[in-house]
1. Of HIS18, HIS67, how do they rank once you tally other Cβ atoms within 10 Å and put the fewest first?
2. Can you sort TRP90, TRP107 by how many other beta carbons sit within 10 Å, fewest first?
3. Tell me, LYS68, LYS117, LYS122 in order of fewest to most beta-carbon neighbours within 10 Å?
Amino acid sequence: MAESLHPAASSLHPAASHHLPAFITAPGETDVLMVVMAVVLLLAVLGVGILFLRLHTLPERIAHRGHKLQFEIVAVLGLIALFTHMHIFWIAGLLLALIDFPDFGGWMGRIAGSVEKMAGIKPGEGAAEVEEAAAISPVERAPTVPHETNAEIKRRDGAAATPKIPELAGTRS
């Protein structure tokens with residue numbers, strides 16, 4: 001009888017074929033094909049998962065790369081789409097990431113700077129005065145002298161004063 005080159009051939013049943021394929025292993029040996037397929041399956045699942053997450057975060061990456069004002073909204077829409085599996089949120093996030101909204105803060109800041117320049121205030125000082133005025137309570141802001149003139153108020157505050165309401169003559173009882 002001719003000897004087979006396959007290691008499992010020695011423990012085969014006499015009625016079995018003596019020419020076994022290479023992927024059949026002998027009892028008690030490591031199944032190499034199964035180990036290779038487990039690694040391939042693990043890498044495939046990992047690769048598909050990474051591809052899915054990269055595709056899923058595409059709107060957020062577009063908005064971040066373009067320094068969009070609506071970046072946070074796009075990120076929230078992406079999270080909602082991820083957890084609800086409703087693709088409309090992903091599409092809305094993608095559309096929002098691709099739209100370039102005008103920067104209203106830029107020209108409003110230029111207007112504020114021009115108004116400060118016309119008022120004779122150094123650029124940026126107007127915002128500091130507004131913050132200081134907001135920190136002062138209305139009681140502290142009230143004039144201490146009952147009949148102060150606008151010029152006295154202006155000298156005391158350093159800012160333009162509001163005109164006083166004239167008292168009506170003859171209304172005292």
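1. HIS67, HIS18
2. Taking fewest neighbouring Cβ atoms as first place, the list is TRP107, TRP90.
3. The fewest-first ordering by Cβ neighbours comes to LYS122, LYS117, LYS68.
Bear in mind these aren't lab numbers, they're just calculated from the coordinates by the rules spelled out. Note that the structure is predicted; figures quoted are calculated from it, not measured. Glycine gets a Cβ as well: all are built from the backbone with ideal geometry, and neighbour counts include every protein chain shown.
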